[in-house]
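The block underneath contains the structure these notes are about, expressed in C-alpha coordinates.
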Amino acid sequence: DYWQATVTTPVNIAVIKYWGKRSVALNLPTNASLSVTLHQDQLCTTTTAQCSKEFASDRLWLNGKEEVIKPGGRTDTCIQEMKKLRKAYEDKYEDPHPASEWHVHLCSFNNFPTAAGLASSASGYAALVHCLATVYRLPNTSTELSLIARQGSGSACRSLFGGFVAWDMGVNEDGSDSKARQVASEDHWDDINAVICVVSDEKKGTSSTSGMQRTVETSPLIQERIRLVPARMAEMERAIAAQDFDAFAQLTMKDSNNFHAVCLDTSPPIFYMNDVSRALVALVHEFNRVSILQKRGHRAAYTFDAGPNAVIYCLRRNVKDIVNMVMHYFPQAEPFKDTYKVFYGKDTP
Ligand code: DP6
(Lines give C-alpha, C1' and ligand atoms only; values in the text may rest on other atoms or scores of the structure.)
Protein backbone atom coordinates (compact mmCIF):
# COMPACT_ATOMS: atom_id res chain seq x y z
CA ASP A 1 0.00 0.00 0.00
CA TYR A 2 1.62 3.21 -1.12
CA TRP A 3 0.94 6.66 -2.56
CA GLN A 4 2.64 7.74 -5.77
CA ALA A 5 2.94 10.86 -7.92
CA THR A 6 5.03 11.98 -10.89
CA VAL A 7 5.68 15.56 -11.97
CA THR A 8 7.76 17.22 -14.66
CA THR A 9 9.32 20.61 -13.91
CA PRO A 10 11.17 22.81 -16.39
CA VAL A 11 14.44 24.66 -16.04
CA ASN A 12 14.48 28.45 -15.71
CA ILE A 13 17.19 30.76 -17.05
CA ALA A 14 17.70 34.04 -15.21
CA VAL A 15 17.87 37.37 -17.01
CA ILE A 16 18.64 39.19 -13.74
CA LYS A 17 21.01 36.82 -11.96
CA TYR A 18 20.96 35.58 -8.39
CA TRP A 19 24.53 35.69 -7.08
CA GLY A 20 25.36 35.99 -3.38
CA LYS A 21 23.74 34.83 -0.14
CA ARG A 22 23.00 36.88 2.94
CA SER A 23 22.18 33.66 4.80
CA VAL A 24 23.80 30.38 3.83
CA ALA A 25 21.70 28.36 6.28
CA LEU A 26 18.36 29.61 4.91
CA ASN A 27 19.60 30.28 1.36
CA LEU A 28 18.63 33.95 1.32
CA PRO A 29 20.00 36.08 -1.53
CA THR A 30 21.79 39.42 -1.54
CA ASN A 31 19.71 40.55 -4.53
CA ALA A 32 16.39 39.84 -6.22
CA SER A 33 16.42 37.94 -9.51
CA LEU A 34 14.17 37.31 -12.48
CA SER A 35 14.01 34.42 -14.90
CA VAL A 36 12.16 32.87 -17.79
CA THR A 37 10.91 29.32 -17.28
CA LEU A 38 11.49 27.20 -20.37
CA HIS A 39 8.76 25.19 -22.02
CA GLN A 40 7.63 22.01 -20.19
CA ASP A 41 9.01 19.52 -22.68
CA GLN A 42 12.37 21.15 -23.26
CA LEU A 43 14.95 21.01 -20.44
CA CYS A 44 13.23 19.44 -17.48
CA THR A 45 13.38 17.11 -14.52
CA THR A 46 10.82 14.35 -14.06
CA THR A 47 10.46 13.11 -10.51
CA THR A 48 8.39 10.28 -9.10
CA ALA A 49 7.72 10.00 -5.37
CA GLN A 50 6.32 7.01 -3.53
CA CYS A 51 5.56 6.97 0.16
CA SER A 52 4.57 3.95 2.14
CA LYS A 53 4.55 2.71 5.71
CA GLU A 54 6.57 -0.27 4.42
CA PHE A 55 9.64 1.85 3.59
CA ALA A 56 12.48 1.85 6.14
CA SER A 57 14.10 5.16 5.16
CA ASP A 58 13.92 8.09 2.74
CA ARG A 59 15.84 7.28 -0.46
CA LEU A 60 16.70 9.13 -3.66
CA TRP A 61 17.80 7.98 -7.12
CA LEU A 62 19.18 10.60 -9.50
CA ASN A 63 19.41 9.59 -13.16
CA GLY A 64 19.25 5.94 -12.12
CA LYS A 65 21.94 6.12 -9.44
CA GLU A 66 21.19 6.15 -5.73
CA GLU A 67 22.37 9.27 -3.88
CA VAL A 68 22.90 9.40 -0.14
CA ILE A 69 20.44 11.77 1.57
CA LYS A 70 22.66 13.55 4.09
CA PRO A 71 20.81 14.38 7.32
CA GLY A 72 20.40 18.16 7.45
CA GLY A 73 21.50 18.49 3.82
CA ARG A 74 19.47 20.32 1.16
CA THR A 75 17.43 17.33 0.00
CA ASP A 76 16.74 16.26 3.57
CA THR A 77 15.69 19.82 4.48
CA CYS A 78 13.19 19.92 1.60
CA ILE A 79 11.78 16.49 2.51
CA GLN A 80 11.47 17.39 6.21
CA GLU A 81 9.80 20.74 5.41
CA MET A 82 7.31 18.98 3.13
CA LYS A 83 6.59 16.42 5.87
CA LYS A 84 5.89 19.33 8.23
CA LEU A 85 3.37 20.77 5.75
CA ARG A 86 1.78 17.33 5.44
CA LYS A 87 1.61 17.00 9.24
CA ALA A 88 -0.09 20.40 9.51
CA TYR A 89 -2.58 19.26 6.87
CA GLU A 90 -3.30 16.00 8.72
CA ASP A 91 -3.91 17.91 11.94
CA LYS A 92 -6.08 20.59 10.33
CA TYR A 93 -8.30 18.28 8.28
CA GLU A 94 -8.12 15.25 10.56
CA ASP A 95 -6.79 13.24 7.64
CA PRO A 96 -6.65 9.58 8.76
CA HIS A 97 -3.53 8.80 6.68
CA PRO A 98 -0.33 9.46 8.65
CA ALA A 99 1.67 10.01 5.42
CA SER A 100 3.88 12.52 7.21
CA GLU A 101 5.26 9.61 9.23
CA TRP A 102 5.95 7.38 6.24
CA HIS A 103 9.27 7.29 4.44
CA VAL A 104 9.51 8.42 0.85
CA HIS A 105 11.36 7.06 -2.17
CA LEU A 106 12.21 9.57 -4.89
CA CYS A 107 13.34 8.86 -8.40
CA SER A 108 14.45 11.76 -10.57
CA PHE A 109 15.65 12.10 -14.18
CA ASN A 110 17.04 15.13 -16.01
CA ASN A 111 16.69 15.10 -19.79
CA PHE A 112 19.99 17.04 -20.07
CA PRO A 113 23.51 16.85 -18.60
CA THR A 114 23.57 17.46 -14.85
CA ALA A 115 25.68 20.29 -13.44
CA ALA A 116 26.84 21.59 -16.82
CA GLY A 117 25.69 25.06 -15.86
CA LEU A 118 22.27 24.21 -17.27
CA ALA A 119 20.31 24.79 -14.08
CA SER A 120 19.78 21.16 -13.11
CA SER A 121 19.45 22.14 -9.47
CA ALA A 122 16.68 24.61 -10.38
CA SER A 123 14.39 22.05 -12.01
CA GLY A 124 15.59 19.30 -9.65
CA TYR A 125 14.59 20.85 -6.33
CA ALA A 126 11.45 22.43 -7.83
CA ALA A 127 10.38 18.99 -9.07
CA LEU A 128 11.18 17.41 -5.69
CA VAL A 129 9.03 19.89 -3.77
CA HIS A 130 6.20 19.91 -6.31
CA CYS A 131 6.19 16.10 -6.43
CA LEU A 132 6.00 15.76 -2.64
CA ALA A 133 3.18 18.33 -2.52
CA THR A 134 1.32 16.19 -5.08
CA VAL A 135 1.96 12.86 -3.39
CA TYR A 136 0.91 14.37 -0.04
CA ARG A 137 -2.24 15.87 -1.67
CA LEU A 138 -1.41 19.31 -0.30
CA PRO A 139 -3.31 22.45 -1.31
CA ASN A 140 -0.34 24.81 -0.91
CA THR A 141 0.24 27.50 -3.53
CA SER A 142 3.34 27.67 -5.74
CA THR A 143 4.51 30.72 -3.78
CA GLU A 144 4.30 28.75 -0.50
CA LEU A 145 6.17 25.83 -2.07
CA SER A 146 8.80 28.24 -3.43
CA LEU A 147 9.88 28.97 0.17
CA ILE A 148 10.86 25.32 0.50
CA ALA A 149 12.36 24.84 -2.97
CA ARG A 150 14.55 27.90 -2.25
CA GLN A 151 16.18 25.98 0.60
CA GLY A 152 17.13 23.21 -1.85
CA SER A 153 18.60 25.60 -4.38
CA GLY A 154 17.93 29.32 -4.66
CA SER A 155 17.15 29.29 -8.35
CA ALA A 156 14.71 26.38 -7.84
CA CYS A 157 12.12 28.64 -6.24
CA ARG A 158 11.57 30.30 -9.65
CA SER A 159 10.86 27.01 -11.47
CA LEU A 160 7.56 26.50 -9.64
CA PHE A 161 5.96 29.01 -12.01
CA GLY A 162 5.87 29.18 -15.78
CA GLY A 163 6.52 32.33 -17.76
CA PHE A 164 8.42 35.25 -16.23
CA VAL A 165 9.22 34.83 -12.56
CA ALA A 166 10.77 37.08 -9.93
CA TRP A 167 12.41 35.90 -6.73
CA ASP A 168 11.88 38.74 -4.27
CA MET A 169 14.82 38.81 -1.88
CA GLY A 170 12.73 39.68 1.18
CA VAL A 171 13.86 41.40 4.37
CA ASN A 172 12.77 39.00 7.14
CA GLU A 173 15.54 37.16 8.98
CA ASP A 174 13.63 33.88 8.89
CA GLY A 175 13.30 34.05 5.09
CA SER A 176 9.51 33.99 5.18
CA ASP A 177 9.26 36.71 2.52
CA SER A 178 12.06 35.46 0.24
CA LYS A 179 9.90 33.73 -2.34
CA ALA A 180 8.93 33.51 -5.99
CA ARG A 181 6.24 35.52 -7.74
CA GLN A 182 4.97 35.24 -11.30
CA VAL A 183 5.58 38.53 -13.14
CA ALA A 184 3.78 37.44 -16.32
CA SER A 185 2.46 34.14 -17.60
CA GLU A 186 3.96 32.27 -20.57
CA ASP A 187 0.97 33.39 -22.69
CA HIS A 188 1.66 37.07 -22.04
CA TRP A 189 4.72 37.06 -24.31
CA ASP A 190 4.66 33.69 -25.99
CA ASP A 191 6.86 34.49 -28.97
CA ILE A 192 9.97 34.74 -26.84
CA ASN A 193 12.37 31.83 -27.44
CA ALA A 194 15.59 30.54 -25.94
CA VAL A 195 18.27 29.17 -28.24
CA ILE A 196 20.59 27.17 -26.04
CA CYS A 197 24.16 26.76 -27.17
CA VAL A 198 25.82 23.98 -25.24
CA VAL A 199 29.47 24.87 -25.42
CA SER A 200 30.44 22.13 -23.00
CA ASP A 201 28.48 19.51 -21.09
CA GLU A 202 31.26 18.84 -18.63
CA LYS A 203 30.70 19.38 -14.93
CA LYS A 204 31.59 22.95 -14.00
CA GLY A 205 34.71 23.89 -12.02
CA THR A 206 33.34 26.08 -9.24
CA SER A 207 29.84 25.28 -7.96
CA SER A 208 27.49 28.24 -7.71
CA THR A 209 27.11 27.69 -3.97
CA SER A 210 30.82 27.98 -3.17
CA GLY A 211 31.44 30.54 -5.94
CA MET A 212 28.88 32.99 -4.64
CA GLN A 213 30.09 32.60 -1.07
CA ARG A 214 33.62 33.45 -2.19
CA THR A 215 32.28 36.46 -4.10
CA VAL A 216 30.44 37.83 -1.06
CA GLU A 217 33.58 37.40 1.06
CA THR A 218 36.10 38.91 -1.36
CA SER A 219 34.52 41.11 -4.06
CA PRO A 220 34.07 44.85 -3.49
CA LEU A 221 32.28 45.02 -6.86
CA ILE A 222 29.36 42.92 -5.63
CA GLN A 223 28.34 45.84 -3.39
CA GLU A 224 27.81 47.91 -6.53
CA ARG A 225 25.81 45.04 -8.07
CA ILE A 226 23.59 44.85 -4.97
CA ARG A 227 23.02 48.60 -5.29
CA LEU A 228 22.01 48.53 -8.96
CA VAL A 229 19.82 45.40 -9.14
CA PRO A 230 16.59 46.92 -7.71
CA ALA A 231 16.38 49.47 -10.56
CA ARG A 232 17.17 46.71 -13.06
CA MET A 233 14.40 44.51 -11.65
CA ALA A 234 11.90 47.36 -12.06
CA GLU A 235 13.06 48.10 -15.60
CA MET A 236 12.97 44.39 -16.52
CA GLU A 237 9.42 44.03 -15.20
CA ARG A 238 8.44 47.06 -17.25
CA ALA A 239 10.09 45.67 -20.40
CA ILE A 240 8.26 42.35 -19.95
CA ALA A 241 4.89 44.04 -19.32
CA ALA A 242 5.38 46.16 -22.46
CA GLN A 243 6.87 43.28 -24.51
CA ASP A 244 9.77 45.62 -25.20
CA PHE A 245 12.36 43.19 -26.59
CA ASP A 246 14.96 45.90 -27.21
CA ALA A 247 15.02 46.87 -23.51
CA PHE A 248 14.73 43.23 -22.39
CA ALA A 249 17.76 42.31 -24.51
CA GLN A 250 19.97 45.18 -23.37
CA LEU A 251 19.25 44.54 -19.70
CA THR A 252 19.72 40.79 -20.02
CA MET A 253 23.17 41.14 -21.57
CA LYS A 254 24.25 43.89 -19.15
CA ASP A 255 23.22 41.82 -16.18
CA SER A 256 24.97 38.68 -17.42
CA ASN A 257 28.16 40.69 -18.01
CA ASN A 258 27.89 42.36 -14.61
CA PHE A 259 27.52 38.96 -12.93
CA HIS A 260 30.60 37.60 -14.75
CA ALA A 261 32.52 40.78 -13.89
CA VAL A 262 31.70 40.16 -10.23
CA CYS A 263 33.03 36.60 -10.66
CA LEU A 264 36.26 38.00 -12.07
CA ASP A 265 36.44 40.45 -9.14
CA THR A 266 36.30 37.49 -6.74
CA SER A 267 39.54 36.28 -5.21
CA PRO A 268 40.77 33.89 -6.52
CA PRO A 269 38.82 34.87 -9.67
CA ILE A 270 36.12 32.61 -11.09
CA PHE A 271 35.97 32.11 -14.86
CA TYR A 272 32.78 30.54 -16.12
CA MET A 273 32.88 31.77 -19.70
CA ASN A 274 35.48 30.43 -22.12
CA ASP A 275 36.75 31.43 -25.59
CA VAL A 276 33.71 29.94 -27.34
CA SER A 277 31.41 31.83 -24.93
CA ARG A 278 33.22 35.08 -25.73
CA ALA A 279 33.02 34.39 -29.47
CA LEU A 280 29.25 33.95 -29.08
CA VAL A 281 29.07 37.29 -27.24
CA ALA A 282 30.86 39.00 -30.14
CA LEU A 283 28.60 37.27 -32.66
CA VAL A 284 25.41 38.41 -30.93
CA HIS A 285 26.67 41.99 -30.70
CA GLU A 286 27.52 41.94 -34.40
CA PHE A 287 24.06 40.54 -35.22
CA ASN A 288 22.47 43.32 -33.14
CA ARG A 289 24.72 46.03 -34.62
CA VAL A 290 23.28 45.31 -38.05
CA SER A 291 19.67 45.30 -36.86
CA ILE A 292 20.20 48.50 -34.85
CA LEU A 293 21.55 50.15 -38.04
CA GLN A 294 18.37 48.98 -39.75
CA LYS A 295 16.39 50.64 -36.92
CA ARG A 296 15.03 47.29 -35.74
CA GLY A 297 16.67 47.45 -32.30
CA HIS A 298 18.27 44.49 -30.56
CA ARG A 299 17.10 41.16 -31.89
CA ALA A 300 19.10 38.81 -29.66
CA ALA A 301 20.34 38.67 -26.06
CA TYR A 302 22.85 36.25 -24.61
CA THR A 303 23.07 35.26 -21.00
CA PHE A 304 25.51 32.90 -19.23
CA ASP A 305 25.05 31.13 -15.90
CA ALA A 306 27.78 29.45 -13.87
CA GLY A 307 29.24 27.75 -16.93
CA PRO A 308 30.32 28.42 -20.53
CA ASN A 309 26.98 27.64 -22.21
CA ALA A 310 25.07 30.48 -23.84
CA VAL A 311 21.34 30.98 -23.77
CA ILE A 312 20.29 33.37 -26.52
CA TYR A 313 16.86 34.90 -26.05
CA CYS A 314 15.13 36.16 -29.18
CA LEU A 315 11.68 36.51 -30.73
CA ARG A 316 10.39 33.49 -32.63
CA ARG A 317 10.78 35.18 -36.02
CA ASN A 318 14.53 35.52 -35.39
CA VAL A 319 15.25 31.97 -34.21
CA LYS A 320 16.13 30.69 -37.68
CA ASP A 321 18.57 33.53 -38.42
CA ILE A 322 20.28 33.09 -35.06
CA VAL A 323 20.57 29.32 -35.32
CA ASN A 324 21.91 29.61 -38.89
CA MET A 325 24.43 32.19 -37.75
CA VAL A 326 25.62 30.08 -34.81
CA MET A 327 25.85 26.96 -37.01
CA HIS A 328 27.76 28.94 -39.64
CA TYR A 329 30.47 30.03 -37.21
CA PHE A 330 30.37 26.88 -35.09
CA PRO A 331 29.93 24.07 -37.63
CA GLN A 332 30.60 21.53 -34.90
CA ALA A 333 27.28 22.53 -33.37
CA GLU A 334 24.46 20.13 -34.15
CA PRO A 335 20.79 20.29 -33.34
CA PHE A 336 19.42 19.33 -29.94
CA LYS A 337 18.41 15.74 -29.05
CA ASP A 338 21.36 14.16 -30.84
CA THR A 339 24.29 15.95 -29.32
CA TYR A 340 23.08 18.73 -27.06
CA LYS A 341 25.08 21.24 -28.99
CA VAL A 342 22.54 23.79 -30.12
CA PHE A 343 18.89 23.59 -29.52
CA TYR A 344 15.76 25.65 -29.47
CA GLY A 345 13.34 26.75 -26.82
CA LYS A 346 9.61 26.74 -27.24
CA ASP A 347 8.14 26.40 -30.75
CA THR A 348 10.97 24.94 -32.74
CA PRO A 349 10.46 26.23 -36.26
C1 DP6 B 1 24.26 31.81 -11.98
O2 DP6 B 1 20.53 28.32 -7.42
O3 DP6 B 1 22.48 26.95 -8.22
O4 DP6 B 1 22.44 30.32 -12.24
O5 DP6 B 1 21.24 28.44 -4.10
O6 DP6 B 1 23.60 27.73 -3.92
O7 DP6 B 1 21.93 26.23 -5.03
P8 DP6 B 1 22.34 27.65 -4.73
O9 DP6 B 1 22.70 28.32 -6.11
P10 DP6 B 1 22.00 28.18 -7.54
O11 DP6 B 1 22.62 29.45 -8.27
C12 DP6 B 1 22.24 29.84 -9.55
C13 DP6 B 1 23.10 30.96 -10.00
C14 DP6 B 1 22.91 31.38 -11.45
C15 DP6 B 1 21.99 32.58 -11.56
C16 DP6 B 1 20.51 32.35 -11.43
O17 DP6 B 1 20.01 31.28 -11.79
O18 DP6 B 1 19.85 33.30 -10.98
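For residue 265, the conditions (1) crowded, with 22+ Cβ neighbours inside 10 Å; (2) in contact with a Leu (Cβ under 6 Å, 6 or more places away or on another chain) all hold with the exception of (1). So is residue 217 modelled with pLDDT of 95 or more, within 16 Å of the ligand (Cβ to nearest atom), among the acidic types (Asp, Glu) and within 30 Å of residue 30 (Cβ to Cβ) or not? The answer is yes for residue 217.
The set of residues in region 201-239 that are in contact (Cβ under 8 Å) with a residue 24 or more places away in the chain, over 18 Å from the mean Cα position of the chain (by Cα) and closer than 25 Å to residue 316 by Cα contains only 232.
Let's see how each residue does on (1) within 13 Å of the ligand (Cβ to nearest atom); (2) not in a helix (DSSP H, G or I):
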| position | (1), (2) |
| --- | --- |
| 169 | yes, yes |
| 182 | no, yes |
| 199 | no, yes |
| 209 | yes, no |
| 213 | yes, no |
| 225 | yes, no |
| 230 | no, no |
| 233 | yes, no |
| 246 | no, no |
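Every residue, every condition in (1) touching a Lys or Arg at 6+ places or on another chain (Cβ under 7 Å); (2) touching a residue at least 12 places away in the same chain (Cβ under 8 Å), yes or no:
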| position | (1), (2) |
| --- | --- |
| 88 | no, no |
| 96 | no, no |
| 99 | yes, yes |
| 109 | no, yes |
| 120 | no, yes |
| 134 | no, yes |
| 140 | no, yes |
| 149 | no, yes |
| 163 | no, yes |
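Within region 289-303, the set of residues being aliphatic (A, V, I, L, M), within 13 Å of residue 246 (Cβ to Cβ) and part of a helix (DSSP H, G or I) comprises just one member, 292.
One residue stands out in region 190-203 among those that are surrounded by fewer than 20 Cβ atoms within 10 Å (Cβ to Cβ) and in contact with a helix residue (DSSP H, G or I) (Cβ under 9 Å, 6 or more places away or on another chain): the one that is nearest to residue 26 (Cα to Cα), namely 200.
Just one of the numbered conditions (1) more than 16 Å from the ligand (Cβ to nearest atom); (2) surrounded by fewer than 20 Cβ atoms within 10 Å (Cβ to Cβ) is not true of residue 79: (2). Scanning region 256-280 for residues that are more than 16 Å from the ligand (Cβ to nearest atom) and part of a helix (DSSP H, G or I) returns 275, 276, 278, 279, 280.
The values are calculated or read from the model by the stated rules, or taken from the named source; none is laboratory data. These figures come from a predicted structure and were not determined experimentally. Counting neighbours? That spans all protein chains shown, and the Cβs are built from the backbone with ideal geometry, glycine included.
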